[in-house]
Amino acid sequence: MASSGTAELTLPSDTQILITREFEAPRHLVYRAYTAPEFVERWWGGQRGNVTLAESDLRVGGRWRYVMTANEGFEVAFHGEFREVVTNERIVNTEVYEAMPDKEALVTVTFTEVDGRTTLSMLTEMDSKESRDGLVASGMEVGVQEGFDVLERLAIELAEAEG
Amino acid sequence: MARAATTTDPFNAVAEPRRRQILDLLATGERSVGEIVDALGLGQPQVSKHLRVLHEVGLVAARQDGRRRIYRLDGQGLKGIHDWVSNFEALWQERLDQLDAVVAELKRDSEGDD
């Protein structure tokens with residue numbers, strides 16, 4: 001695998017999740033891979049299933065919808081609307097997990113290039129603890145507890161120490 | 001993931017900012033109740049209440065030292081929270097690893113065009 005970085009997750013506040021990752025490529029390529037449906041189909045499932053639908057109308061007010069069939073057989077679908085689109089620089093979109101349709105997150109993705117390397121930052125902001133719980137329930141137990149980044153680091157250390 | 005009521009659920013227990021402060025303080029070493037009271041500037045009844053909640057959900061452990069009760073973090077309780085966060089982190093690790101593979105391919109293609 002052409003891995004050039006490790007994703008880092010932090011919890012900047014009670015309702016935010018920040019994920020950053022560096023790529024050894026110029027940002028227009030990272031932007032393209034991140035946004036174009038034919039590429040989304042290849043990465044959005046992670047190792048957890050197959051992406052069966054990736055639709056994206058990448059302009060302000062445009063809608064997107066991604067669906068995957070998890071390895072366990074159930075379907076996981078997210079959709080949202082684009083609020084800001086600055087090509088190769090920044091995307092702001094809403095995100096709704098369809099099993100919890102009344103909970104909405106706001107996701108800001110920025111692409112920053114330095115010396116040919118690109119950092120992708122994805123800030124997910126939830127309007128409430130309830131919305132955060134919506135993420136938690138998203139089929140694959142995709143979830144994060146609100147603000148306790150110090151605690152999280154500590155828990156990792158403790159878990160490692162205790163094996 | 002089923003969620004229990006506030007005081008029996010470690011996730012909800014750490015949602016309270018004062019309780020997170022206590023956990024952060026205990027992260028630097030064990031403390032008596034009196035030391036926690038001093039550090040947080042809260043009343044002893046409040047601190048004791050928070051400690052009771054944290055103890056009930058298994059995030060802190062306590063020992064008796066003469067007349068003092070000394071609290072420390074409980075790694076087992078914290079591990080549940082850690083596992084929860086790390087699952088989400090692992091999902092995005094996988095996704096961004098795949099994205100990285102796509103990006104590397106696009107880069108190879110674009111260099112081939114030059």
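The values are calculated or read from the model by the stated rules, or taken from the named source; none is laboratory data. Being a predicted model, the structure only gives us computed values, none of them experimental. For neighbour counting, all protein chains shown are included, and Cβ atoms are generated from backbone atoms with ideal geometry for every residue, glycine included.
Taking A:Ala25 as the residue in question, decide whether it is in contact (Cβ under 8 Å) with a residue 40 or more places away in the chain, more than 14 Å from the chain's Cα centre (by Cα) and crowded, with 20+ Cβ neighbours inside 10 Å. Let's see the steps before the verdict.
Values: in contact (Cβ under 8 Å) with a residue 40 or more places away in the chain: yes; more than 14 Å from the chain's Cα centre (by Cα): yes; crowded, with 20+ Cβ neighbours inside 10 Å: yes.
The answer is yes for A:Ala25.
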Being in a strand (DSSP E or B) and away from every other protein chain (no Cβ under 11 Å) narrows A:Gly73, A:Gly61, A:Gly80 down to just A:Gly80
Go through (1) of a type in the set (Asp, Glu); (2) under 16 Å from B:Leu106 (Cβ atoms); (3) over 15 Å from the mean Cα position of the chain (by Cα) and name the single condition A:Glu41 misses.
(3)
Does B:Arg67 qualify as being surrounded by fewer than 21 Cβ atoms within 10 Å (Cβ to Cβ) and either at pLDDT below 85 or among the basic types (Lys, Arg) (or both)?
yes
Residues of region B:21-48 being out of contact with any helix residue (DSSP H, G or I) (no Cβ under 7 Å at 6 or more places or on another chain), part of a helix (DSSP H, G or I) and without any contact (Cβ under 8 Å) to a residue 24 or more places away in the chain, in sequence order, are B:Glu35, B:Asp38, B:Pro45
Taking region A:86-117, which residues are hydrophobic (A, V, I, L, M, F, W, C) and either part of a strand (DSSP E or B) or on the phi > 0 side of the Ramachandran plot (or both)?
A:Val86, A:Ile91, A:Val92, A:Val96, A:Ala105, A:Leu106, A:Val107, A:Val109, A:Phe111, A:Val114
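Using the structure shown, decide if A:Ser3 is more than 30 Å from B:Glu16 (Cβ to Cβ), touching a helix residue (DSSP H, G or I) at 6+ places or on another chain (Cβ under 7 Å) and modelled with pLDDT under 85.
So A:Ser3 fits the description; yes.
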